[in-house]
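First comes the structure, then the notes that go with it.
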Amino acid sequence: MTAPSIRNVSEREARQVAEAAREQDWRKPSFAKELFLGRFRLDLIHPHPTPAVDDVRRGEKFLATLRDFCESEIDGARIEREGQIPDETVQGLKELGAFGMKIDPKYGGLGLTQVYYNRALALVGTASPAIGALLSAHQSIGVPQPLKLFGTKEQKETFLPRCARTDISAFLLTEPDVGSDPARLATTAVPDGTDYVLDGVKLWTTNGVVADLLVVMARVPASEGHKGGITAFVVEAGSPGITVENRNAFMGLRGLENGVTRFHQVRVPAANRIGPEGAGLKIALTTLNTGRLSLPAMCVGSGKWCLKIAREWSAAREQWGRPVARHEAVGAKISFIAATTFALEAVVDLSSQMADENRNDIRIEAALAKLYGSEMGWLMADELVQIRGGRGYETADSLAARGERAVPTEQMLRDMRINRIFEGSTEIMHLLIAREAVDAHLSVAGDLIDPDKSLADKGRAAAKAGGFYARWLPKLVAGPGQLPRTYQEFGELAGHLRYVERTSRKLARSTFYAMSRWQGRMETKQGFLGRIVDIGAELFAMSAACVRAEYLTETGAHGREAQQLADVFCRQARIRVEELFGRLWTNTDELDRKVVDGVLDGSYTWLEEGMIDPSGDGPWIADATPGPSRTDNVRRPIG
């Protein structure tokens, strides 16, 4: 059952809305973009960029204060048990300045860099993943970041001081039947004098239950004097007509204040509109360019915790006369956790420092970090459960009740699972990154593969594409990666960088061949595109790991150990890359489509016999018809 308020749009319109929201230009260089084009621009990331001395001093001082607070004031077990972050903990974080980490000091914030903001999230996220989500949603996608990038002087002066110290913010885009397809957005903002009037329902509003300020995406109807389109607004959460109808519960992040929010005839001053009408999705995507780094940052913290528990447990636990770590089957898992944590931290730190310097366009790097971090973070947590065995599946409270250390391994697995869905699911991230990765091809061949273009347009596009590929394709034949002495300054890691250079050209050739083969149907080959992106993610991680290891070697900070971890990670990554290349052309994608057709038309319902479905009754998608709320308001402001 589909909610009657949902807009019905064609597949083409949906694509047009998403495409219009993209940043169309590349004004700054991008390491990852060049990598997908077969150009290994090591100069864009090496030497490893370093933060300013004052930024380090200020960041380290706050991390020390935050660590003390986490150790003395955050009770992660209580949050998990009660399903709520205590008000006094939230107040303490406000007083600490944790809600204003990224806000400029002139507005009352701490003014931390992206590097130290992410390190703070990694730290607090290990104390309580729910608190990490609270702070991240507030600052990475809530009011502070879009106002920092797009807000007026008056908006910044009005709202940022509140966000820095007293108010909690939330971001409201998703609706009951609208996830990653914003063309169907149904919430409206109708102009009325100097106000807009909001009507609609928003789902999965992280922080929405306790928020004081909201960033709301709503559709402004086109009319005289109004361009219309999806538009962003800052909305006071306590405004008349706003009802938090439900506090949602999840398999993990049990302290998450996530709800369903209904707007009925909510008046919002035009002065609270962020940017022009119709710019809402572009504002959201631009905000996420750096905002996405918060999730992999917390995955880094989780990886560090997984490594600590794996080390301590596998040394203490003995089977067949020796510690389980000394058994190869377990040791391989520990090696994977250690090497992957090192590489993931390298990816996040490198991307964050590039964001701080603002010399490079990091939209692809940040998206790759989110994709790679969420997938690898989940695998590391899963491997830790396996290493711990039955104790990994047992709850921390149960372990403590029978006299053992309360290690919340199963909670970590549940908490980590959402990262593969938050802020763009893995499947959506594959498509988003793939679109950016093939942007150069579509720029020159777009009209050529567009079925709606005329023969004349296709002729001009063919000439343009011919010139581009005549210059580009010969460069994919040979490169520095084939020379045995290239990248010698990296010592034993040089071979891995030569592999990255060679493989990036192979990746670009594979993409070109696919474009030639499928042309306009390329966008439907989601299995192929996902593997292309996964290869690029591995190559980016390998590059970051090598650059970080070299940097740590030069600075004398665990250089030998870093080189070893980078080497092992690269060797593991190379195996995954070769498997992905093999699956580019040898796979079951076409057969899978046929099976899907059979499932949907009921051909296999006989296979479902012999089971009981424990699901309750009700529609698959809740009714989101605009109108007054019929439930109690469960909003719970903290202050």
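The values are calculated or read from the model by the stated rules, or taken from the named source; none is laboratory data. Here the structure is a predicted model, which is why all the values come from computation and not from measurement. All Cβ positions, even for glycine, are placed from backbone atoms using ideal geometry, and neighbour counts span all protein chains on display. Accessible surface is based on the protein model in full, side chains and every heavy atom, while ligands, DNA and RNA are left aside. Shrake-Rupley method; radii C 1.70, N 1.55, O 1.52, S 1.80 Å.
Mind checking whether some residue in the stretch 167-178 is under 23 Å from the mean Cα position of the chain (by Cα) and among the hydroxyl-bearing types (Ser, Thr, Tyr)? Yes, the stretch 167-178 contains at least one residue that is under 23 Å from the mean Cα position of the chain (by Cα) and among the hydroxyl-bearing types (Ser, Thr, Tyr). Residues in the stretch 326-333: is at least one open to solvent by 60 Å² or more (accessible area, probe 1.4 Å) and either modelled with pLDDT under 90 or closer than 30 Å to Val215 by Cβ (or both)? Looking for residues that are open to solvent by 60 Å² or more (accessible area, probe 1.4 Å) and either modelled with pLDDT under 90 or closer than 30 Å to Val215 by Cβ (or both), one finds at least one in the stretch 326-333, hence yes. Pairs meeting the criteria (first residue in the stretch 495-522 and outside any helix (DSSP H, G or I) and at pLDDT below 95, second residue among the polar types (S, T, N, Q) and surrounded by fewer than 19 Cβ atoms within 10 Å (Cβ to Cβ), beta carbons under 7 Å, at least 6 apart or on different chains) are lacking. Cβ-Cβ contacts under 7 Å between residues 6 or more apart (or on different chains), taken from a first residue in the stretch 549-560 that is farther than 14 Å from His46 by Cα and without any contact (Cβ under 8 Å) to a residue 12 or more places away in the chain to a second residue that is open to solvent by less than 40 Å² (accessible area, probe 1.4 Å) and in a helix (DSSP H, G or I), are listed as His558/Leu552; Gly559/Leu552. Selection of the stretch 58-109 for residues being in contact (Cβ under 8 Å) with a residue 40 or more places away in the chain and among the basic types (Lys, Arg) yields Arg58, Arg67, Arg81, Lys94, Lys102. Tally up the residues in the stretch 203-223 that are modelled with pLDDT of 95 or more, more than 18 Å from Pro182 (Cα to Cα) and open to solvent by 20 Å² or more (accessible area, probe 1.4 Å), please. Count: 1.
Per the conditions (1) farther than 27 Å from Ser169 by Cβ; (2) open to solvent by 10 Å² or more (accessible area, probe 1.4 Å); (3) out of contact with any Ser or Thr (no Cβ under 6 Å at 6 or more places or on another chain), the sole criterion not satisfied by Ile45 is (2). As a summary of the residue check, Ala440 satisfies the conditions (1) open to solvent by 30 Å² or more (accessible area, probe 1.4 Å); (2) modelled with pLDDT under 75 except for the one numbered (1). Counting only residues that are over 17 Å from Gly76 (Cα atoms) and either out of contact with any Lys or Arg (no Cβ under 9 Å at 6 or more places or on another chain) or among the aliphatic types (A, V, I, L, M) (or both), the stretch 250-263 holds 1 of them. Taking the stretch 334-352 as the range and being touching a residue at least 60 places away in the same chain (Cβ under 8 Å), open to solvent by 10 Å² or more (accessible area, probe 1.4 Å) and of a type outside the set (D, E, K, R) as the test, the residues that pass are Ser335, Phe336, Ala338, Phe342. Name the single residue, out of those in the stretch 96-113 being open to solvent by 10 Å² or more (accessible area, probe 1.4 Å) and part of a helix (DSSP H, G or I), that is nearest to Pro276 (Cα to Cα). Selected residue: Tyr107. Scanning the stretch 224-253 for residues that are at pLDDT below 95 and open to solvent by 60 Å² or more (accessible area, probe 1.4 Å), we see that the one that is farthest from Lys282 (Cα to Cα) is Glu224. The condition of being under 30 Å from Trp378 (Cα atoms) and open to solvent by less than 20 Å² (accessible area, probe 1.4 Å) holds for only one of Leu123, Leu135, that being Leu135. Under the condition of being more than 18 Å from Ser302 (Cα to Cα) and open to solvent by 20 Å² or more (accessible area, probe 1.4 Å), the residues counted in the stretch 353-383 number 6.
One residue alone among Ala32, Ala14 is part of a helix (DSSP H, G or I), touching a helix residue (DSSP H, G or I) at 6+ places or on another chain (Cβ under 7 Å), small (Gly, Ala, Ser) and at pLDDT below 95, and that residue is Ala14. When the stretch 135-194 is filtered for residues that are farther than 30 Å from Leu431 by Cα and aliphatic (A, V, I, L, M), the ones remaining, listed by number, are Leu160, Ala164, Ile168, Val190.
Can you tell me which residues in the stretch 561-604 are assigned to a helix (DSSP H, G or I), small (Gly, Ala, Ser) and without any contact (Cβ under 8 Å) to a residue 24 or more places away in the chain? Scanning the stretch 561-604 gives Gly582, Gly598. Here Pro86, Pro129 are screened, and the one residue that is surrounded by fewer than 18 Cβ atoms within 10 Å (Cβ to Cβ) and not charged (D, E, K, R) is Pro86. Condition check: among the β-branched types (Val, Ile, Thr), touching a helix residue (DSSP H, G or I) at 6+ places or on another chain (Cβ under 9 Å) and open to solvent by less than 40 Å² (accessible area, probe 1.4 Å). Does Val568 satisfy that? Taking the combined requirement at face value, the residue does not satisfy it.
Scanning the stretch 464-494 for residues that are open to solvent by less than 60 Å² (accessible area, probe 1.4 Å), at pLDDT below 95 and not in a helix (DSSP H, G or I) gives a single hit, Gly479.
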